[in-house]
1. Checking the condition at pLDDT 80 or above and within 35 Å of the chain's Cα centre (by Cα), which residue from Val26, Val86 passes?
2. Does the stretch 158-170 contain any residue that is among the hydrophobic types (A, V, I, L, M, F, W, C), modelled with pLDDT of 90 or more and surrounded by 14 or more Cβ atoms within 10 Å (Cβ to Cβ)?
3. Modelled with pLDDT of 85 or more and closer than 15 Å to Val149 by Cα - does that describe any residue in the stretch 235-242?
4. Taking the stretch 95-122, which residues are part of a helix (DSSP H, G or I) and acidic (Asp, Glu)?
5. Residues Val155, Val131: which one is touching a helix residue (DSSP H, G or I) at 6+ places or on another chain (Cβ under 6 Å) and not polar (S, T, N, Q)?
Amino acid sequence: MDRCFAGEEVSFSEWIDSPSGPRYWVATYSPLRLEMERVESALVMARDLTDQMLAAERLRDAQDELAHANRVATIGQLTASIAHEVNQPVGALVTNAHAALNWLKAEPPDLVESCQAVDAIIKDGRRISDVIERIRALIKKRPTQIDVVDINEVVMETLALTRGEIQRNRVSTEIDLARDLPSIRGDRVQLQQVLMNLVTNAFQAMSNVDEGRRELQIVTGKDGDDKICVTVRDSGPTLKPEALDRFFEAFYSTKFSGMGIGLSICRSMIEAHGGQIWATANALRGATLHITLPASEIS
């Protein structure tokens, strides 16, 4: 009240207990000036915004549920790729275990070679653990966690989970990651989910192309002094202008079997990070998805 009579408009909000339960109130104190511009009184306006707050919470919960369902569905599409990522180190682990056993059975036992084989086993075990941990992070229901994130690491983690799909779809990749790129502040799992959606969409688009090479290009870089950019380019079918205009609309899909929610979720996540996402048609065929995100001040 003192600030109001000093000439300042003041607003505050809080949850207040009432007989019907907690209510969310927003109050605004506006100074009323009369002669000599002295504040003689104040206009107080209070609004009960409980219903709006509860509706916003329900909307956030629904968005979180939808995003989680999309992550699980995306992981389901990548089961072959994930199996490939796990089977490779498992095969190497078994080979090195046999080698270590043979070195230990030798007369005399070769401890140097055995130790090297065991070291390789440990590295392969860690690779398997890393893959499983990445999958758990994507599938797990969790609140948004804002951290300092290296977007290049997110790109490489995404490619590691989709490597099997890259090989199965006979896609050639070109990865150009800028050095000394500023970090960003964001939710690592959400950003990885966005990239996984873009990459799997590119695979699906190119699966319908019989002529020419199937090419996927991912590039990171700076966009001015305060933003970083990521582009995902494919050589899928040529997109019509009306498809580009509706690319990120909910329940719009260029695929016969698509539900049309993946890219809509991507847009919501990128915008929640203070960024932008849009699509452009390539000169010959395919599309390029562009993402810009604000760089972290910590960088």
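1. Val26
2. no
3. no
4. Residues satisfying the conditions are Glu113, Asp119.
5. Result: Val131 is the single residue among Val155, Val131 that is touching a helix residue (DSSP H, G or I) at 6+ places or on another chain (Cβ under 6 Å) and not polar (S, T, N, Q).
The values are calculated or read from the model by the stated rules, or taken from the named source; none is laboratory data. Given the structure is predicted, the values throughout are model-derived calculations rather than measurements. Note that each Cβ is placed from the backbone with ideal geometry, even for glycine, and that neighbours are counted across all protein chains shown.
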